[in-house]
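What follows draws every value from the coordinates through simple rules; no lab data is involved. The structure displayed is predicted, hence computed values, not measured ones. With ideal geometry, Cβ positions are generated from the backbone for all residues, glycine too; neighbour counts draw on all protein chains shown.
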Amino acid sequence: MSIKLKSLLQTSPNGQEVTVRGWVRTFRANRFIALNDGSTLQNIQCVVDFESFDEALLKQITTGAALQIKGKYVESQGKGQSAEIQVEDIHLYGGADPETYPIQPKKHSFEFLREKAHLRVRTATFSAVMRIRAALSFAVHQFFREEGFHYIHTPIITGSDAEGAGEMFKVTTLDEKNIPTNENGKTDFTKDFFGKETHLTVSGQLEAETYAMGLGEVYTFGPTFRAENSNTTRHLAEFWMIEPEMAFFDLNDNMDLAEKFIKGVLKYILENCQEDLEFLDQRFASEEKTKPQIERSELGLLEKIKFVVENEFVRLSYTDAIEILRNSKPNKKKKFNYLIEEWGADLQSEHERYLVEKHFKKPVILFDYPAKIKAFYMRLNEDEKTVRAMDILFPGIGEIVGGSQREERLDVLKKRIAAMGIEEEELWWYLDLRKFGSAPHSGFGLGFERLVLFATGMGNIRDVIPFPRTPQNASF
Ligand code: 4AD
Ligand code: MG
């Protein structure tokens, strides 16, 4: 049996026979193979006595080749590692022609590696990012289980538009060369696979609400899709969202849970992903050095994560935020692209980042937004102008969470639906929740990749998901 490097490196070397399997990172001086198997950031040095091996075999041991190595696990003679393997047997599974294998032991740009997304996990940076992504994903499930939540799977193909915005991908099996039309000349969706118009979901929230009204506290963690043409370092067309939904929670309970959740999962990786985080911390530091002084992060990656875990988030109403922004230097000096003049303006990421990075220097939870700029399902406040919405804003990221207390009053909800021009019939089942055993409830959505972006200190959301989907790009 072979042993994973992660376990091997935790045992003390005393000449025991071991078998390891992995991919060659480097082969130096026809003598030192650095092998990595993905279980840890660290490679194992395998020392080859080249006279004992076939020259033709050694020639094929190049960066990227897959090997099994048997040998004695001993204390290292050289510097740079404490243990190594004295190689006795090599089995080559598959070579990697150095003329064509693109991942060579040198610095590759992330742009280049995005084009080689099927091979980039063989680099130290991407393997560290993906191990942290996996750990965070586990931490999410662990957190909610410990809190008594039930994991539910909401549909990916949907007949309703949860966010009420026209940014969904169509799902159809109609023949594009021969689209059936009805008497108005419009597409006849009764002929389509589901007999109605369907899309990929933008959120599992509405369905999660139905389950919260029976199971109490539930969450979804699944893929969501947005066909918005946003080519930014924070947007994906396909991303994973975690959406808890809780019966009998008001907005304050919701904010408390969201804060506890984010802190809990970040604490988990601080405790369980130390090696990868330290590596990414160094990467982050050297990346920051290439930036002009004013753009540099004041804190290192590990410091940033610890800061979030240890400090209370600021809670601020939208109205108070507008006051701060209106009186801010960049607003007065007309440095914002969108100047804040009146109450009711939608906040752009430049405003969110000002609040978080310049004004408070802390994560901020903004709540009680104007009803006009938020979705139909958010609970209307007494003032009839604002809704019980909350967004969590993070340094370097902007919005990481969007959530709200839901409108549980049937009459108010119906009015909001009508005001937004949504067909009531489409939401008949959602309205039923307000007819039968309606109760206050709340929930939020956290964009998983934005969390991974924060936790790894990477600069582009395309580099924290294995195969990013963005406008004009669905390779692999
Ligand atoms: O604020 P959003 O649109 O909220 C909802 O979808 C609600 N239904 C959630 C709920 O209350 N259950 O999206 C939630 C989060 C955002 O805060 C952001 O972190 C992430 O999802 N997000 C994206 N992440 C990557 N790429 C995109 N295009 C994203 N759009 C939203
Ligand atoms: Mg939002």
Please identify every one of the GluC sites (Glu not before Pro) in region 398-476 that sits in a loop by DSSP and has no more than 13 other beta carbons within 10 Å of its own beta carbon.
Glu423
With all pairs of different alpha carbon atoms counted, what Kirkwood hydrodynamic radius in Å does region 141-256 show?
16.3 Å
According to the Kirkwood expression over distinct Cα-Cα pairs, how big is the hydrodynamic radius of region 342-433, in Å?
14.4 Å
Could you work out the relative contact order of the chain? I mean the mean sequence separation of Cα pairs under 8 Å and 6+ apart, divided by the number of residues, in percent.
13 percent
Rounded to the nearest 500, what is the 222 nm mean residue ellipticity of the chain from helices alone, with -39500 (n - 2.57) per DSSP H run of 4+ residues and division by all residues?
-9000 deg cm²/dmol
State to the nearest 20 debye the size of the charge dipole of region 5-102 about its Cα centre, where the only charges are +1 on K and R beta carbons and -1 on D and E beta carbons.
360 debye
Give me the Debye-computed log₁₀ of I(q)/I(0) at q = 0.09, 0.10, 0.11, 0.13 Å⁻¹ for the chain, equal point scatterers on Cα only, no solvent, two decimals.
-0.74, -0.87, -1.00, -1.23
Which pairs, out of Lys6/Lys260; Lys329/Lys362; Lys4/Lys267, put more than 21 Å between their alpha-carbon atoms?
Lys6/Lys260; Lys4/Lys267
Loop-located GluC sites (Glu not before Pro) in region 77-132 whose Cβ has at most 11 other Cβ within 10 Å (DSSP)
Glu99
Strictly over 23 Å apart at the Cα level, which of Lys414/Lys435; Lys372/Lys414; Lys170/Lys372 would you flag in this model?
Lys170/Lys372
Could you point to the residue in Pro330, Ile262, Ile242 farthest towards the positive end of the chain's charge dipole, with +1 and -1 charges on the Cβ of Lys/Arg and Asp/Glu respectively?
Pro330
Compare the Cα positions of Leu453, Gly443, Leu427 along the charge dipole of region 396-457 (+1 at Cβ of Lys, Arg; -1 at Cβ of Asp, Glu; about the Cα centre) and return the one farthest towards the positive end.
Gly443
When a/c reaches 1.5 or more, the comparison of a/b and b/c decides; with that in mind, is region 301-382 rounded, prolate or oblate per its Cα gyration tensor?
oblate
Pick out, in residue order, every one of the chymotrypsin sites (Phe, Trp or Tyr not before Pro) in region 335-375 that is DSSP loop and has at most 13 other C-beta atoms within 10 Å; say none if there are none.
Tyr338, Trp343
Taking the convex hull of the Cα atoms, report for region 5-102 its projected area averaged over all directions, in nm².
6.1 nm²
Counted neighbours (other Cβ, 10 Å), sorted fewest up, put Leu35, Leu206 in the order Leu206, Leu35
Magnitude of the charge dipole, the chain, Cβ model with Lys/Arg +1 and Asp/Glu -1, debye to 20:
1420 debye
